[in-house]
Amino acid sequence: MTNSSDFRPVALEHASRLINHGPTVLVTSADGSRRNIMAAAWSMPVEFTPPRIAVVIDKHTYTRELIAKTGTFAICIPGTALVDLTYAVGSASGRDLDKFAHCGIDAKAGPVLGMPVIEGGCSAWLECRLIPERHTEDAYDTCFAEVVAAAADARVFVNGHWTFDSGNAALHTIHHLGGGNFVSAGNTIRARA
Ligand SMILES: Cc1cc2nc3c(=O)[nH]c(=O)nc-3n(C[C@H](O)[C@H](O)[C@H](O)COP(=O)(O)O)c2cc1C
């Protein structure tokens, strides 16, 4: 399991690299005492500086309802140890239960927006402020946001780069193939200049 003490801030100009390779993520949200978490396979960076991202969040989800109210959310990037949890929070709605309590998820408040961020079992997180774009939200369920804080586990993300190797396999990101099947990130390979 990840130790929260291994998390270090990520410079905002490197935040896009956290989701550049298309990991399945956990979208967390909170409105006062109500908090929620869902899985999302469809997210991507759209700008380096300021760091902006896009994530598809279906308009029928409870997550979308909370984000519409607060204009804030967080993205947590689960490692292979959280594959079952990722599938579970993507298969039930927070309208019906508190998934944090139900799944025993330990979260802390993010430093800028106070969104729930998860470090145990995750390799990174990003706090995000919604950039309201009514058309893309309504027509394509695509929500744009600016990343205002980010952190990553230094055992797997160092100096702005993922370092996936056999020594940190539990922190490798997971990628949804569909139907509850996932593949984990493999070892890092470097292209020649
Ligand atoms: C692996 C996985 C990936 C998913 N990816 C997305 C996604 O990219 N966008 C989306 O809107 N829903 C996605 N879902 C479905 C939501 O996670 C699901 O509707 C969830 O129950 C919504 O929870 P909520 O109502 O508590 O917000 C995914 C589900 C799984 C299991």
field: Spin-label zone in segment 9-23 - amide nitrogen under 18 Å from a point set 7 Å from the Cα of THR49 along the C-beta vector
entry: 10-18
query: Tell me, what ³J(HN,Hα) does each residue in segment 19-29 have, in order and in whole Hz, if you take phi through Karplus 6.51 cos²θ - 1.76 cosθ + 1.60 with θ = phi - 60° and put x for Gly and Pro?
result: 10, 4, 9, x, x, 6, 10, 10, 9, 10, 8
- prompt: Using the count of nearby Cβ atoms within 10 Å as a rough guide to exposure, how do ASP96, ASP141 rank from fewest to most?
  reply: ASP96, ASP141
message: Rounded to the nearest 20 debye, what is the charge dipole size of the chain about its Cα centre when +1 sits on each Lys and Arg Cβ and -1 on each Asp and Glu Cβ?
response: 200 debye
task: Enumerate the calculated ³J(HN,Hα) couplings along segment 53-58 in order (Karplus 6.51 cos²θ - 1.76 cosθ + 1.60, θ = phi - 60°), each rounded to whole Hz, writing x wherever the residue is Gly or Pro.
output: 10, 10, 9, 7, 10, 3
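What is the order of SER16, SER93, SER5, SER123, fewest Cβ neighbours within 10 Å to most?
Exposure proxy ranking, most exposed first: SER5, SER93, SER16, SER123.
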- request: Grab the other residues whose beta carbon is less than 14 angstrom from that of ALA109, score K and R as +1, D and E as -1, and report the net.
  value: -2
query: If you bin the C-alpha pair distances of the chain every 10 Å from 0, what whole percents do you get?
result: 10, 40, 38, 11, 1, 0
task: Using the Karplus curve 6.51 cos²θ - 1.76 cosθ + 1.60 with θ = phi - 60°, work out ³J(HN,Hα) for each residue of segment 111-128 in order, rounded to whole Hz, and write x for Gly and Pro.
output: x, 9, 10, x, 6, x, 10, 10, 10, x, x, 9, 9, 6, 8, 9, 8, 10
Partner lysines for LYS59 [C-alpha distance under 22 Å; skip if fewer than 8 residues away on the same chain]: LYS69, LYS99
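None of the figures in this text is laboratory data; all of them are computed from the coordinates on show. Please read these numbers as outputs of a predicted model, since none were measured by experiment. Note: ideal-geometry Cβ built from the backbone for every residue, glycine included; neighbour counts use all protein chains shown.
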